[in-house]
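Taking it in order: structure first as structure tokens, then the write-up.
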Amino acid sequence: MTPAYAEIAVTSNFSFLRGASRPEELAKQACVHGYAAIGIADRNTLAGVVRAYAGFDDPELPEKKPKFLVGARLVFADGTPDVLVYPTDRAAYGNLCRLLTVGKLRAKKGECILFLSDLLDWQEGLLLAVMPPARGALARVREALEKLRGTAPDRTWLAASTLHRGDDRRRLKRLKALAHEARVPLLAVNDVLYHIPERRELQDVVTCIREHLTIDKAGKLLEANAERHLKSPEEMARLFRDAPDAITETVRFAERISFSLAQLKYNYPEEPVPKGRTPDEYLHELTWTGADRRYPDGIPASVRATLEKELALIAKLDYAPYFLTVRDIVGFARARNILCQGRGSAANSAVCYVLD
């Protein structure tokens, strides 16, 4: 019987000029393979996860779908190997967002500068899988495992992938030994760049664009083969036949995650209102006071009906704090003779009119 498998090292085209498949395509292919779970982990960003999450709503997909995991692939500026990071719960997701914000505030637009110390500061609740480089010694991998395990002893893994270079079994043996030495579990991944093998050519093209080279001069900057696609659980089990626990560990990893994008909702900043009143109550008060001022001879019945209708809709959508914020901004601007004007449907409302 083929063991269940979860793929957590997946790069989408939201890793600019690196991934060659859309998140929706990756989600669909994960369903085709019958994965237990799939995680999108783009480079220093969460940008691709929303499209992947929405992709599971496709009515053509089977009813039983893989568990969707939200993560990121952290790429560091200090030589630390890449680390796959997955929040276990809502609080941990907040930590990941704060971590990425730290890195983006240091860099120019479109870039992110992170150091291992940043991850150590914000690691609470995050599952961490260190990705060994395809080439070079494993000394930095060992160092990263030691530091992460010292801070998150039960949330650190060593990821392993097969590179199809002829020395896969020897390399896997080395990684097994390193995981044992570092006292962390070994985790199977395929370090995915596209959903099907046929996308390899597109991946070569985006690599050339990224490196400013023509394809005949790219050489070893291109992937050596077309193996960086989502593989079936059967194929992954075959590739890791010398380390079957690494396949089983992928499901254990996924099972520790309870966070879902469904847990997120928009949270408007708190708008100060007089003590003892809610934003809706305060907005109602300001609206009717303003209406009396606008219509000193009495509020016309049609205007009153429009105001009541709008206030009911504002209450239903919980938009009262927004209207109060805009009122404060306009009041601030007018007090300083700063020209301002509203725009959009809200600006054309009767409520906005009586609020000046």
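The values are calculated or read from the model by the stated rules, or taken from the named source; none is laboratory data. All of these numbers come straight from a predicted model, not from anything done at the bench. Glycine gets a Cβ as well: all are built from the backbone with ideal geometry, and neighbour counts include every protein chain shown. Side chains included, ligands, DNA and RNA excluded: accessible areas come from the protein's heavy atoms. Shrake-Rupley method; radii C 1.70, N 1.55, O 1.52, S 1.80 Å.
Summary table
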read-out	value
DSSP-loop GluC sites (Glu not before Pro) across region 135-192, with at most 11 other Cβ within 10 angstrom	none
J(HN,Hα) series, region 58-72, from Karplus relation 6.51 cos²θ - 1.76 cosθ + 1.60, nearest Hz, glycine and proline x	4, x, 7, 6, x, 4, 8, 10, x, 5, 9, 10, 9, x, 8
Proximal charge balance of Glu24 [Cβ under 9 Å; K/R count +1, D/E count -1]	+1
Range in the chain, longest, excluding exposed trypsin sites (Lys or Arg not before Pro) [loop by DSSP; at most 14 other beta-carbon atoms within 10 Å]	1-63
Rounded if a/c under 1.5, otherwise prolate or oblate - region 233-306, Cα gyration tensor axes	prolate
Under 29 Å from Lys231, Cα to Cα: lysines that are on another chain or at least 8 residues apart	Lys28, Lys64, Lys65, Lys67, Lys173, Lys176, Lys220
Separation in nanometres of the label points that stand 7 Å from Cα toward Cβ, at Ala137 and Leu17	3.2
Antiparallel bridges, percent of DSSP beta bridges restricted to the chain (to nearest 5)	30
Shape of region 94-246, Cα gyration tensor, a/c cut at 1.5	oblate
Coarse-grained scattering of the chain at q = 0.08, 0.09, 0.13, 0.15 Å⁻¹, given as base-10 log I(q)/I(0) from a Debye sum over alpha-carbon atoms	-0.53, -0.63, -0.98, -1.21
Selected from Ala107, Ser117, Pro132, residue furthest toward positive end of dipole (region 20-140; charges at beta carbon)	Ala107
Sites matching GluC sites (Glu not before Pro) across region 268-356 that sit in DSSP coil, with at most 13 neighbouring C-beta atoms within 10 Å	Glu270
Net length gained if the chain between Glu270 and Phe332 were fully extended (0.36 nm per residue, minus Cα distance)	20.5 nm
Gain on full stretching of the segment that runs from Ala315 to Lys109 - 0.36 nm per residue minus C-alpha separation	70.4 nm
For Ile113, residues with placed amide H under 5 Å, excluding near neighbours	Lys104, Arg106, Ala107
Region 223-356: C-alpha gyration tensor shape, a/c 1.5 cut-off, then a/b vs b/c	prolate
Nitroxide proxy distance, nm - points 7 Å out along Cα→Cβ at Leu339 and Leu222	5.6
Per residue accessible area in Å² of region 35-140, where ligands, DNA and RNA are left out and the probe is 1.4 Å	45
Within the accessible area of region 22-148 (1.4 Å probe), percent carbon and sulfur	51
In region 10-99, the GluC sites (Glu not before Pro) that fall in loop regions by DSSP, at most 10 other Cβ within 10 Å	Glu60, Glu63
Out-of-range pairs (alpha-carbon distance over 32 Å; input Lys108/Lys275; Lys108/Lys316; Lys275/Lys309; Lys104/Lys275; Lys109/Lys217; Lys109/Lys265)	Lys108/Lys275; Lys108/Lys316; Lys104/Lys275
Expected 222 nm ellipticity per residue - DSSP helices of 4 or more, -39500 (n - 2.57), all of the chain, to 500	-13500 deg cm²/dmol
Mean Kyte hydropathy of -1.0 or more with a Cα span along the axis of at least 20 Å, helices from DSSP in the chain	90-106, 301-317, 320-335
